[in-house]
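Beneath this line is the structure, given in C-alpha cells, with notes to follow.
The values are calculated or read from the model by the stated rules, or taken from the named source; none is laboratory data. As the structure is a computational prediction, the values presented were derived from the model and not from experiment. Neighbour counts are summed over all protein chains in view; Cβ atoms, including those assigned to glycine, are modelled from backbone coordinates with ideal geometry. Only protein heavy atoms, including side chains, enter the accessible area calculation; ligands, DNA and RNA are left aside. Shrake-Rupley method; radii C 1.70, N 1.55, O 1.52, S 1.80 Å.
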Amino acid sequence: MLSFVEVMERVKDILSRELGEKKVYDKDVAAALGISKEHFSMMKKRGRLPLEELITFCAKRNISINWLLFDQSPESLCEPTQKFAYIRYFKDINASAGGGAINYEEEAQKLYLDRELEEFLGKENIKNIEALNLIGDSMEPLLKDGSIVFIDKSKRDIKKGGIFVLATNAGVFIKRVILKTDGSIELISENSLYPKETLAFDEVKIIGKVIGSLEKI
C-alpha cells in the first residue's frame, strides 16, 4: 500500500483537475473527504489513511481504489475481476415452503459464484437469476429446509407447470404450480403432509422459476 503522503498527493491531483489545475491544500482534501481539518491533520501525523472516506471519494468519481492505494492499473484488474460472476442474493428474505413469509422487497447482496456453479446456472443467463433462502420442509426431499434457492426471473410462464417462487397476500412461497383449465392456480407441496391449495389467478404474482438450489454448509 502506498504511504499517506503518496495517496494524498494523488487525491490532490484529482481535485486540482476538478478545480481547473488550481493548487490544492490539505484543508481542501479534508473537505473533499468529508472530515475536519483537525481530524485530517491527526491522521496525517499518524500516517493512517481514512479508508472509508477514500472509498467513497473514489466511488463518486469512478476511480479505482486499487490504483489510489496500491498503484495497480485498472486494466490489470479487469481479467481477474471478471472471473468472478455474481448474482443478487436476498439474504434477509426467507421464501417459505411451509408457512407465510415477508414481502419480496429487500436490498440485495452479491453472491459470488465459482466456475462450476456459474456453468450450472448458465453464464449467458446470469443477469436474470437471483437467490433467496428457503425456510420450511414442505418441498422436501426435492428442496431442503435452509437451502439457497436460485430463481430465473425471466421464466414466469406457468402454462407447462414447474416449481416457482410466488407472492401471495400471505407472503412469498416456493411451490409446484399448475395452471388449471378454469384459470385458477394450484399450489402443490412435494411433501405429502402438506395439502394442495388453489388460488385465483389474480391472487398470485409469479416471481420466477426455481432452477436449482444449494444446501448451506
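Of the residues 161, 171, 146, which single one is free of Cβ contacts under 8 Å to residues at least 60 places away in the same chain and closer than 27 Å to residue 87 by Cα? Spell out the reasoning first.
Values: 171 fails: free of Cβ contacts under 8 Å to residues at least 60 places away in the same chain; 146 fails: free of Cβ contacts under 8 Å to residues at least 60 places away in the same chain.
The conditions single out 161.
Of everything in segment 34-53 that's part of a helix (DSSP H, G or I) and under 17 Å from residue 67 (Cβ atoms), which residue is most open to solvent (accessible area, probe 1.4 Å)? It would help to see each step written out before you state the result.
We begin by selecting, within segment 34-53, every residue part of a helix (DSSP H, G or I); these are 37-46, 51-53.
Next, only the ones that are under 17 Å from residue 67 (Cβ atoms) stay: 51, 53.
Working: 51: 80, 53: 58 Å².
Ranking the candidates gives 51 first.
Filter segment 7-33 down to residues that are among the β-branched types (Val, Ile, Thr) and either in contact with a Gly (Cβ under 7 Å, 6 or more places away or on another chain) or not in a helix (DSSP H, G or I) (or both), then give me how many there are. Explain how you work it out, then say what you get.
Taking segment 7-33 and keeping what is among the β-branched types (Val, Ile, Thr), we get 7, 11, 14, 24, 29.
Right, trim to either in contact with a Gly (Cβ under 7 Å, 6 or more places away or on another chain) or not in a helix (DSSP H, G or I) (or both) and you get 24.
Adding up the residues that qualify gives 1.
What pairs come up if the first residue lies in segment 9-34 and is within 14 Å of residue 54 (Cα to Cα), the second is at pLDDT 90 or above and among the acidic types (Asp, Glu), and their beta carbons are under 8 Å apart, counting only those six or more places apart or on different chains?
Going by the 8 Å Cβ cut-off, the qualifying pairs are 12/28; 15/28; 33/53; 34/53.
Filter segment 126-164 down to residues that are under 24 Å from residue 201 (Cα atoms), in a strand (DSSP E or B), over 18 Å from the mean Cα position of the chain (by Cα) and of a type outside the set (Phe, Trp, Tyr), then give me how many there are.
Here the count works out to 2.
When residues of segment 149-158 are filtered for being under 21 Å from residue 215 (Cβ atoms) and free of Cβ contacts under 8 Å to residues at least 60 places away in the same chain, how many remain?
Taking segment 149-158 first, the residues under 21 Å from residue 215 (Cβ atoms) are 149-152.
Now narrow it down to the ones that are free of Cβ contacts under 8 Å to residues at least 60 places away in the same chain: 152.
Number satisfying all stated conditions: 1.
Return the pairs, sorted by first residue and then second, in which the second residue is among the small types (Gly, Ala, Ser) and exposed (fewer than 15 other Cβ atoms within 10 Å of the Cβ), the first residue lies in segment 179-190 and is under 14 Å from residue 163 (Cβ atoms), the beta carbons are less than 9 Å apart, and the residues are 6+ apart or on different chains.
179/161; 185/200
Could you tell me whether any residue of segment 186-199 is under 24 Å from the mean Cα position of the chain (by Cα) and modelled with pLDDT of 90 or more? Break it down into steps so the answer makes sense when it comes.
Taking segment 186-199 and keeping what is under 24 Å from the mean Cα position of the chain (by Cα), we get none.
Within segment 186-199, not a single residue is under 24 Å from the mean Cα position of the chain (by Cα) and modelled with pLDDT of 90 or more.
Select from segment 136-160 the residues that are open to solvent by less than 80 Å² (accessible area, probe 1.4 Å) and of a type in the set (A, V, I, L, M) and list them in ascending order.
139, 143, 148, 149, 151, 158
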